[in-house]
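The values are calculated or read from the model by the stated rules, or taken from the named source; none is laboratory data. Model, not experiment: these values are computed from the prediction. With ideal geometry, Cβ positions are generated from the backbone for all residues, glycine too; neighbour counts draw on all protein chains shown.
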Amino acid sequence: MKMQNAECRMQNWLLLFAFCILHSAFTGCASMPAPNPIDRLTTTPPFDHAVWGIDVEDDDGTIVYQLNAHRLQMPASNRKLFSTATAANCLGLSTTLQTQLFLDGDDVVVKGDGDPSTGSQRHESLGFAPFVDALRARGITRVRDVIMDVSRFDRVTIVPSWEVGDLTSSDAPPVDAIAYNENVVGDLAVVDTALFAAAKFRDALILGGIRVDGEIRINTAPRTWQQQIATIESPMVAQLLMSVLKISQNMNVTGVVERDVVVAT
């Protein structure tokens, strides 16, 4: 009889223990939050072999998500994601940049707006041909000075964060309010973007039968010109940024972002 009572008590304890285990498991699963989709992504092959650095915060500084947020890394051109997102947000993906042609007495003036695509084969640009056509349509056969107005941008044309060893290469050309052929000749960066573009415009004028009697001048201070003759529109910002993200074109993103800074200020 005593043996039977002991067995009953043991069975009761086992049942109670099992009940507690099941209850704990149930309540634990019920309170466990759903897996974060970012966590699922970063731990799924082949992404689980990558080193991730993520820091997402609200405007007020509230941390939304972090992963290795304080680990030092070298993200290289992945930083273009932030630059292009900023340009897209501030300028708008459908925005175009306007390069304008003016007549100022006998001088011709090209005023840059930050378009990095002028003369670029990548963007199938006609270069300065539309300006030459506009002058010829007005019967103009000779001009005096060729002026490049780059007052839209400041005079810091070399990006401070670019490595010194790259500054002569096509990977790191100077950036200004006017560009031509992405500011490179072959695999080399031009030294003065405004002067380079002005020389290309002068050559286009002469080739189009318009005589140039004066000199090339660069204008860096904002001013008003007399008569607007024509405008060349860039591709949409969305198209410009595609070349930034697809082929990692440095000059395009720097030019568009600086134009973005001009808008913000």
task: Could you grab me the full set of residues in region 130-160 that are touching a residue at least 24 places away in the same chain (Cβ under 8 Å) and among the small types (Gly, Ala, Ser)?
output: Ala134, Ser151
task: Among residues belonging to region 121-160 that are basic (Lys, Arg) and in a helix (DSSP H, G or I), point out the one that is nearest to Gly105 (Cα to Cα).
output: Arg136
field: Sole residue being closer than 14 Å to Met148 by Cβ, surrounded by 13 or more Cβ atoms within 10 Å (Cβ to Cβ) and touching a Lys or Arg at 6+ places or on another chain (Cβ under 9 Å), chosen from Ala199, Ala177
entry: Ala177
query: Among (1) over 18 Å from Ser161 (Cα atoms); (2) among the β-branched types (Val, Ile, Thr); (3) touching a residue at least 24 places away in the same chain (Cβ under 8 Å), which single condition is Val64 missing?
result: (3)
query: Can you tell me which residues in region 180-189 are closer than 19 Å to Ile147 by Cβ and surrounded by fewer than 22 Cβ atoms within 10 Å (Cβ to Cβ)?
result: none
- request: Tell me, yes or no, whether region 161-179 has at least one residue that is among the β-branched types (Val, Ile, Thr), assigned by TED's automatic domain parsing to the domain that holds Leu101, touching a residue at least 24 places away in the same chain (Cβ under 8 Å) and outside any loop (DSSP other than H, G, I, E, B).
  value: yes
query: Which ones in region 203-228 are among the β-branched types (Val, Ile, Thr), closer than 24 Å to Leu126 by Cα and either assigned to a loop (DSSP other than H, G, I, E, B) or without any contact (Cβ under 8 Å) to a residue 60 or more places away in the chain (or both)?
result: Ile206, Ile210
- prompt: How many residues does region 82-117 hold that are in a helix (DSSP H, G or I) and under 19 Å from Met236 (Cβ atoms)?
  reply: 9
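Yes/no per residue for (1) touching a Cys at 6+ places or on another chain (Cβ under 8 Å); (2) of a type in the set (A, V, I, L, M); (3) within 24 Å of Val175 (Cα to Cα); (4) at pLDDT below 90:
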| position | (1), (2), (3), (4) |
| --- | --- |
| Val64 | no, yes, no, no |
| Arg71 | no, no, no, no |
| Pro75 | no, no, yes, yes |
| Ala88 | no, yes, yes, yes |
| Gly92 | no, no, yes, no |
| Gly105 | no, no, no, no |
| Val110 | no, yes, yes, no |
query: Within region 230-237, can one find any residue that is in a helix (DSSP H, G or I) and at pLDDT below 95?
result: yes
statement: Picked from region 238-265 (must be surrounded by fewer than 16 Cβ atoms within 10 Å (Cβ to Cβ) and not in a helix (DSSP H, G or I)), the residue modelled with the lowest pLDDT is Thr265
task: Can you confirm whether region 23-45 contains a residue that is at pLDDT 90 or above, outside the structural domain of Lys246 (by TED's automatic domain parsing), more than 22 Å from Ser161 (Cβ to Cβ) and surrounded by fewer than 11 Cβ atoms within 10 Å (Cβ to Cβ)?
output: yes
